[in-house]
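Single-structure report; data block below.
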Amino acid sequence: MDDFHTSQPIFVQIRQRLAEMILRGQVAEGEALPSVRQIAGELSVNPLTVTKAFEALVDIGVVEKRRGLGMFVKAGARAELLAHERDKFLQQDWPRIATQIKALDLDLSDLLAATKPRQEPNHD
């Protein structure tokens, strides 16, 4: 699970994993997230790195710290996080992706064909 890539800081990647847990409903609103120590141990990272990831989620208002209890998913967090992540994608990621699509002279049919599952040849 500690397969980090070098294109982003580790705390950003941890934040993304926590966000995905919330978006997929693996941790429901009102439930506690795994502890800083637990995540740090599982991922073999410094607890301060995990704390920074949590702080990023606190800053956007989807996680709250309960003193002595840990970090909890706030009510309405999934909808808030979904809106935040969509906006972030459209503002930061999409312009770069759209530029690359244009540079590669791809069209919608190319993109849709690339997203379909590939059929394995039948060797009967």
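Coordinate-derived values only; no laboratory data. The structure displayed is predicted, hence computed values, not measured ones. Note that each Cβ is placed from the backbone with ideal geometry, even for glycine, and that neighbours are counted across all protein chains shown.
In the Gaussian network model of the chain, springs joining C-alpha atoms below 10 Å, which of L90, L112, L33 carries the largest mean-square fluctuation?
L112
[x] 29, 13, 12; [y] 23, 17, 13; [z] 33, 19, 16: which one is semi-axes √(5λ) of the Cα gyration tensor in Å as calculated from this entry?
Step by step, semi-axes √(5λ) of the Cα gyration tensor in Å for this structure corresponds to label [z].
Using the Karplus equation 6.51 cos²θ - 1.76 cosθ + 1.60 (θ = phi - 60°), what ³J(HN,Hα) coupling, rounded to whole Hz, does each residue of region 93-99 give in order, writing x for Gly and Pro?
The phi angles translate into 7, 4, x, 5, 5, 4, 4 Hz.
Lys/Arg Cβ at +1, Asp/Glu Cβ at -1, dipole of region 1-116 taken about the Cα centre: which of G61, W94, T115 is farthest positive-ward?
Most positive-ward Cα: G61.
Would you mind telling me which residue in A28, A114, A75 has the biggest mean-square fluctuation in a Gaussian network model of the chain, where springs connect alpha carbons within a distance under 10 angstrom?
A114
To the nearest 10 degrees, how steeply does helix 77-88 sit against the main Cα axis of the chain, on a 0 to 90 scale?
Long axis of 77-88 versus the principal axis of the chain: about 50 degrees.
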